[in-house]
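Worksheet: the structure to be examined is printed underneath.
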Amino acid sequence: QVQLVESGGGLVQAGDSLRLSCRASGRSFSEYRVTWFRQAPGKEREFVATISWNGLYTYYANSVDGRFTISRDNSDNTVFLQMNSLQLDDTAVYLCAAIRSIPVQTAPNKYDYWGQGTQVTVSS
């Protein structure tokens, strides 16, 4: 079992930066792939970024590639999402999820464990 708690969301202006954290409790966190998803009102949950269990491999959605960076600190059971150059359409609830998987998984229904989400609102 893995429990996930997100933090770091807030209200920012377009062009600003935020860093989200996903802190895990439970055993063997370092064995899990962790992924950030986001969900805007009235829209489906969408893949944002994913990181392998050892932090060596990352993959991003086209919409955030070059602006967002995912990283992890397994010694602290935490995964981060650094978000730069935020845009209005980045506004959403951001959720982290975990799965025991080596291949990249971008479909939300593949994930076993979820956090409760943190709100990110970007204003003009």
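Looking only at the stretch 53-101, residues that are of a type in the set (G, A, S), farther than 18 Å from G26 by Cα and exposed (fewer than 14 other Cβ atoms within 10 Å of the Cβ) come to 2 in all. Would you say R23 is open to solvent by 50 Å² or more (accessible area, probe 1.4 Å), under 24 Å from R100 (Cα atoms), of a type in the set (K, R) and modelled with pLDDT of 95 or more? Judged against the criteria, R23 is a match.
Only one residue in I99, I51, I70 is under 24 Å from Q3 (Cβ atoms) and touching a helix residue (DSSP H, G or I) at 6+ places or on another chain (Cβ under 7 Å). Which one?
I99
Against the test of being closer than 24 Å to L11 by Cβ, part of a strand (DSSP E or B) and either open to solvent by 20 Å² or more (accessible area, probe 1.4 Å) or touching a strand residue (DSSP E or B) at 6+ places or on another chain (Cβ under 8 Å) (or both), the options T121, T50 yield a single qualifying residue, T121.
The values are calculated or read from the model by the stated rules, or taken from the named source; none is laboratory data. Remember, it's a predicted structure, so these values are computed and weren't measured experimentally. Note: ideal-geometry Cβ built from the backbone for every residue, glycine included; neighbour counts use all protein chains shown. These area figures cover heavy atoms from the full protein model, side chains too; ligands, DNA and RNA do not enter into them. Shrake-Rupley method; radii C 1.70, N 1.55, O 1.52, S 1.80 Å.
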